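Read the structure below first, then the notes.
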Amino acid sequence: MESPLLESPGAVAADAPDQEVAAHYGEPAQEQRALEEGAAYVDRGNRGVIKVSGQDRLSWLHSLLSQHLDGLKPFEPTEALLLSPNGHIENHLFLIDDGEAVWVHVEPGAGAALVDFLDRMRFMLRVEVADVSDEYAVITVPGPAEQGDLAWPDVAGTVTKIVPRGAFPDLRPAGIWAYEALRIAEHRPRFNLDTDHRTIPHEAGYVETAVHLTKGCYRGQETVARVHNLGRPPRRLVFLHLDGSVDRLPARGAPVEIPGGRAVGVVGSSARHHELGPIALALVKRNVPVDAELLADGVAAAQEVVVSPETGANAQINLRRRPA
């Protein structure tokens, strides 16, 4: 659903998958600083919003998703993954229960397929699934959350909330470019931008935030357990400091290479950060040396480890997150 803020003076539409919201409103760097300082908000109304109600909602979702949801406390935000039978990530969900229903927000364009899947998995259980994106929207605003908010902690001390559509705060709007720059700087991967159809949870660090490693059976669990207990993921997420003398950002999906031309990965999302300069996330082969200089779509890049090459096989490794 196209944002009404695209009619604002100076608004420029973002590229896919965010073409329905503004990239910026004429001052990208200033908007980014304002968001970081708690003086701006971001309209993310292109995201899908789903409501799951009924007495069996938590135990049912618990059986389908990677997170421990049976007994989730009201207004306790969490994340979960929907995996394929082979353990590849099919969707990344942000969930919160208000005591009567579970509210979910997902990537632009991902809601309809998720609702269809959930509808097919209801069987005789007491659950109802509804796409409520026409009535509710997602915004990112200065934190902290207030009591009763459908809210998740997010970048730079902000919270991302589900609100009635059109309920914008009395603050300066910042475009999605501002949010994306802060997200990338904090090493937070975004589904379908920093992942592909082959990505498993360990590769992108989702095990830290969206996977419960000791819960019961769910689709794709065998792959998660095998990597966690016995092996290593084939790829790992890295943060890239890009050459600031180049006047372009690497394209999403472009190759990451070792100088000399050998491809070792793919570029995910990229942005221009108001302090760090051009930055990006990428998935590279696990065995790429952590100090190797890289080329991202031909742009020189120094890597910073996000997911350690030693992740898996019961290694107790914390992701190298930047402080919010």
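The values are calculated or read from the model by the stated rules, or taken from the named source; none is laboratory data. All of these numbers come straight from a predicted model, not from anything done at the bench. Note that we place each Cβ from the backbone using ideal geometry, even for glycine, and neighbour counts take in every protein chain shown. Quick note on the areas: whole protein, heavy atoms, side chains included, nothing else; ligands and nucleic acids left out. Shrake-Rupley method; radii C 1.70, N 1.55, O 1.52, S 1.80 Å.
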Looking only at region 135-145, and only at residues there that are open to solvent by 40 Å² or more (accessible area, probe 1.4 Å) and of a type outside the set (A, V, I, L, M), the one that is farthest from residue 100 (Cα to Cα): 144
Region 187-201 residues that are under 23 Å from residue 241 (Cβ atoms), paired with ones that are in a loop (DSSP other than H, G, I, E, B) (beta carbon under 6 Å, 6 or more apart): 187/306; 187/321; 187/322
Test: residue in region 264-278 that is on the phi > 0 side of the Ramachandran plot and surrounded by fewer than 18 Cβ atoms within 10 Å (Cβ to Cβ): yes
Every pair of residues 6+ apart whose Cβ atoms lie under 9 Å, when the first sits in region 219-239 and is farther than 24 Å from residue 264 by Cα while the second is of a type in the set (A, V, I, L, M) and assigned to a loop (DSSP other than H, G, I, E, B): 219/65; 220/200; 225/213; 229/313
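Within region 19-46, can you find the residues that are acidic (Asp, Glu) and open to solvent by 20 Å² or more (accessible area, probe 1.4 Å)?
Once the filter is applied, which keeps residues that are acidic (Asp, Glu) and open to solvent by 20 Å² or more (accessible area, probe 1.4 Å), region 19-46 yields 20, 27, 36, 37.
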Per-region count, region 285-304, residues at pLDDT 95 or above and not in a loop (DSSP other than H, G, I, E, B): 10
Which numbered condition residue 2 misses (of (1) in a loop (DSSP other than H, G, I, E, B); (2) modelled with pLDDT of 95 or more; (3) open to solvent by 10 Å² or more (accessible area, probe 1.4 Å)): (2)
Scope region 16-49; condition small (Gly, Ala, Ser), touching a residue at least 60 places away in the same chain (Cβ under 8 Å) and under 26 Å from residue 253 (Cα atoms); matching residues: 22, 23, 29, 45, 48
Residue that is surrounded by the fewest Cβ atoms within 10 Å (Cβ to Cβ), among those in region 47-85 that are hydroxyl-bearing (Ser, Thr, Tyr) and closer than 26 Å to residue 140 by Cα: 53
Lone unmet requirement of (1) at pLDDT below 95; (2) within 23 Å of residue 107 (Cα to Cα); (3) surrounded by fewer than 19 Cβ atoms within 10 Å (Cβ to Cβ) for residue 225: (2)
Elements of type strands (runs of 3 or more DSSP E) contained in region 89-177, each with 1 or more residues being over 24 Å from residue 204 (Cβ atoms): 89-97, 101-106, 128-131, 136-142, 158-164, 172-174
Members of region 146-189 that are under 19 Å from the mean Cα position of the chain (by Cα), small (Gly, Ala, Ser) and either within 16 Å of residue 24 (Cα to Cα) or open to solvent by 40 Å² or more (accessible area, probe 1.4 Å) (or both): 157, 174, 175, 178, 181
Residues (touching a residue at least 40 places away in the same chain (Cβ under 8 Å) and either open to solvent by 30 Å² or more (accessible area, probe 1.4 Å) or closer than 24 Å to residue 148 by Cβ (or both)) located in region 97-107: 97, 98, 100, 101, 102, 103, 104, 105, 106
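Let's see how each residue does on (1) farther than 30 Å from residue 222 by Cβ; (2) under 18 Å from the mean Cα position of the chain (by Cα):
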| site | (1), (2) |
| --- | --- |
| 18 | yes, yes |
| 29 | yes, no |
| 62 | no, no |
| 69 | no, no |
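From 231, 253, 216, grab the single residue that is in a loop (DSSP other than H, G, I, E, B), over 14 Å from the mean Cα position of the chain (by Cα) and at pLDDT 95 or above.
On the way: 231 fails: at pLDDT 95 or above; 216 fails: at pLDDT 95 or above.
Among 231, 253, 216, only 253 is in a loop (DSSP other than H, G, I, E, B), over 14 Å from the mean Cα position of the chain (by Cα) and at pLDDT 95 or above.
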Conditions (1) assigned to a loop (DSSP other than H, G, I, E, B); (2) farther than 21 Å from residue 160 by Cα; number of the one not met by residue 191: (2)
Cross-chain or 6+ apart pairs with Cβ under 6 Å, region 55-72 first and of a type in the set (A, V, I, L, M), then part of a loop (DSSP other than H, G, I, E, B): 58/69; 58/70; 58/72; 61/69
